[in-house]
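Bear in mind that the values in this text are calculations on the coordinates, not laboratory data. Every value quoted in this text rests on a predicted model; they were computed, and no experiment measured them. With ideal geometry, Cβ positions are generated from the backbone for all residues, glycine too; neighbour counts draw on all protein chains shown.
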């Protein structure tokens with residue numbers, strides 16, 4: 001593809017070469033710059049070129065993560081484009097223009113005019129994003145609000161407040177795809193602002209329950225270990241001061257308190273398991289999973305960070321077999337959340353019951369250890 005007339009009129013000429021799409025749906029595009037304007041930043045140029053398809057914030061993140069390179073090298077978003085540069089981009093697919101409602105079951109544990117709380121099931125992504133434009137909590141909310149219009153004043157998905165990203169209506173925090181438990185949704189601007197402020201200033205108390213491999217060293221402790229992107233594996237995070245990239249980003253402070261609930265020593269499992277409460281004081285991506293792995297006690301079922309699934313055959317001493325699945329995703333559940341109600345100001349505590357796989361796993365371990373549930 002040759003340079004487009006608008007770019008030529010600005011004095012910047014390029015040749016665009018689309019490359020075969022990646023398996024995950026990303027678009028791979030190369031731009032060869034024939035003539036560059038002086039002092040043109042990479043992020044500003046790409047944001048202007050791609051328009052509303054990709055926001056500048058998203059582009060800056062892509063550049064920092066190494067998904068946009070210049071002459072085969074990672075660069076900063078502020079890189080100044082030069083004549084002769086070859087820009088390689090792995091771009092997200094274009095977003096749809098609406099959020100279609102989908103009949104995905106929701107376990108609503110609380111709802112009023114300002115706030116809604118859902119006990120999220122495993123396998124559910126919170127909001128539409130790259131490669132996952134459907135089957136999310138937001139799609140489920142669109143269906144829920146449509147089906148539950150009862151009287152004037154009831155909300156639709158389009159009425160939920162939005163900050164920054166249009167495909168995150170009402171979303172103030174997130175849980176990983178396979179982490180279950182309580183998640184809050186803001187139904188009004190007041191709720192979005194005040195809940196967002198509480199999260200930002202660490203005023204909201206969250207308690208998770210988890211089953212981890214082995215025995216934690218203390219009954220209670222605080223893990224204060226910074227977390228950043230893994231230096232080699234793009235989808236992982238790790239306890240590290242730097243990411244190891246050419247322009248490394250410092251890892252961010254991450255603090256987790258843990259408290260042992262039960263130590264479990266079923267026969268045939270040498271070091272057993274620990275049933276533990278985890279309270280994050282910060283909100284880094286994968287924080288609890290990374291911190292448990294860092295201690296050498298990954299969460300059961302968390303393959304990404306070293307945890308293995310649990311089967312009845314293992315508990316029967318047949319470690320070479322995988323029969324009778326108990327839990328095969330990370331055994332991590334957002335059990336309670338405590339926050340100040342955005343309208344009344346009252347301290348509110350919500351609890352999400354454990355899902356079936358978590359309950360059955362814990363009960364089986366307790367039974368084999370002769371521990372009362």
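Some points to look at:
- Site pair residue 224 and residue 28 shows an inter-label distance of 4.5 nm when each label is modelled 7 Å from Cα along Cα→Cβ.
- Counting only DSSP beta bridges whose two residues both lie in the range 108-200, roughly 90 percent are antiparallel.
- Each principal axis of the Cα cloud of the range 310-354 was taken in turn, and the coordinate range along them, longest first, works out to 55, 13, 11 Å.
- Based on Cα contacts under 8 Å between residues 6+ apart, the range 108-200 shows a relative contact order of 35 percent.
- The alpha carbon gyration tensor of the range 108-200 gives principal lengths a ≥ b ≥ c with a/c below 1.5, which makes the shape rounded.
- Relative contact order (%) - criterion: Cα under 8 Å, at least six apart; region: the range 205-368: 23
- Stretching residue 78 away from residue 271 to a fully extended chain increases their span by 64.5 nm, per 0.36 nm per residue minus the current alpha-carbon distance.
- Each residue of the range 205-368 gets 133 Å³ once the volume of the Cα convex hull is shared out per residue.
- Cα-projected label distance for residue 146 with residue 203, points at 7 Å along beta-carbon direction, nm: 3.6
- Paramagnetic reach from residue 162 (point 7 Å along Cα→Cβ, amide N under 17 Å) across the range 192-233: 192-193
- Normalised contact order of the range 246-328, rounded percent, pairs of Cα under 8 Å and 6 or more residues apart: 21
- Likely footprinting exposure, 367, 232, fewest C-beta neighbours within 10 Å first: 232, 367
- With neighbours defined as other Cβ atoms within 10 Å of a residue's Cβ, the residues 219, 277 order from fewest to most as 219, 277.
- Ascending count of other beta-carbon atoms within 10 Å, so fewest first, for 44, 206: 44, 206
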